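Enquirer: Could you have a look at this structure, given as structure tokens, before my questions?
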Amino acid sequence: MNSNINNTNQRNYNPLIWILSIVIIGVIFATYFIPKSPDNTIWGVELTVFPLANAILNSFTFIFLSIALFMIKKGNIKVHRNFIIAAFVSTFLFCVSYLTYHSLAESTSYGGDGILKYIYYFVLLTHIVLAAVIVPLALITLGRGLNMKVEKHKKIARWTMPLWLYVSLTGVLVYLLISPYY
């Protein structure tokens with residue numbers, strides 16, 4: 001990457017990053033207070049199709065991030081950037097699907113017991129906490145990359161990439177563990 005880009009061409013993404021982070025996390029939190037469909041259907045369609053869509057979108061995000069990581073290690077910045085953008089698109093679609101589901105459907109309780117129950121709640125708790133953390137972290141990392149602030153981008157990407165991979169992978173794992181109880 002060329003880090004000698006003229007600073008006058010750089011954009012200040014910080015206000016947008018913080019506004020988006022607060023709004024996204026706030027809207028997700030607010031969905032838990034919206035009245036829900038009593039039979040988990042909307043217009044006759046089972047709402048449980050949304051968690052499957054969420055898991056598929058999380059899978060795509062994980063794949064896109066993995067390819068982006070591989071490509072940057074190979075020095076292919078353009079392909080890396082394209083797969084990062086693809087990961088943001090799949091994550092955005094996930095957010096829309098997630099918000100739609102949680103604003104319409106009642107929460108599903110985990111019905112298992114034994115060691116799997118503890119594994120499920122550990123994965124779920126870490127997934128939720130890190131999903132909230134990854135919103136501003138991924139946006140900051142993207143902003144630094146788009147502005148070609150290479151050293152700052154690398155410094156934060158070392159944290160962002162593994163956390164985002166974890167969040168997307170555990171999103172799929174949470175679905176697989178709870179899907180028998182929908």
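No lab work stands behind these numbers, since they all come straight from the coordinates. Just so it is clear, the structure is predicted and the values come from calculations on it, not from any experiment. As a convention, Cβ positions derive from the backbone with ideal geometry for all residues, glycine included, and neighbour counts pool all protein chains shown.
Enquirer: For the chain, calculate the relative contact order in percent as a whole number, restricting contacts to Cα pairs under 8 Å that are 6 or more residues apart.
Expert: It comes to 34 percent, rounded to a whole number.
Enquirer: Then there's this: Under a point spin-label approximation (7 Å from Cα along Cα-to-Cβ), what is the Tyr32-Ser59 distance to one decimal in nm?
Expert: Between Tyr32 and Ser59, the simple spin-label model gives 2.8 nm.
Enquirer: Among (1) 13.1; (2) 11.6; (3) 12.4, which is the computed mean projected area of the Cα convex hull in nm²?
Expert: (2)
Enquirer: Find the Cα radius of gyration of region 6-79, compare it with 2.2 N^0.38 Å by division, and give the number to two decimals.
Expert: 1.70
Enquirer: What residue among Thr48, Ile77, Pro162 has its Cα farthest toward the positive end of the dipole of region 46-181, where the charges are +1 on Lys, Arg and -1 on Asp, Glu, each on the Cβ?
Expert: Of the options given, the answer is Ile77.
Enquirer: Continuing with the same structure: Cross-link partners among lysines for Lys149, C-alpha distance below 26 Å, same-chain residues fewer than 8 apart left out?
Expert: Excluding near neighbours in sequence, the set is Lys73, Lys74, Lys78.
Enquirer: Nearest 20 debye, what's the magnitude of the dipole of the chain about its Cα centre given +1 on Lys and Arg Cβ and -1 on Asp and Glu Cβ?
Expert: Charge dipole of the chain: 1140 debye, to the nearest 20.
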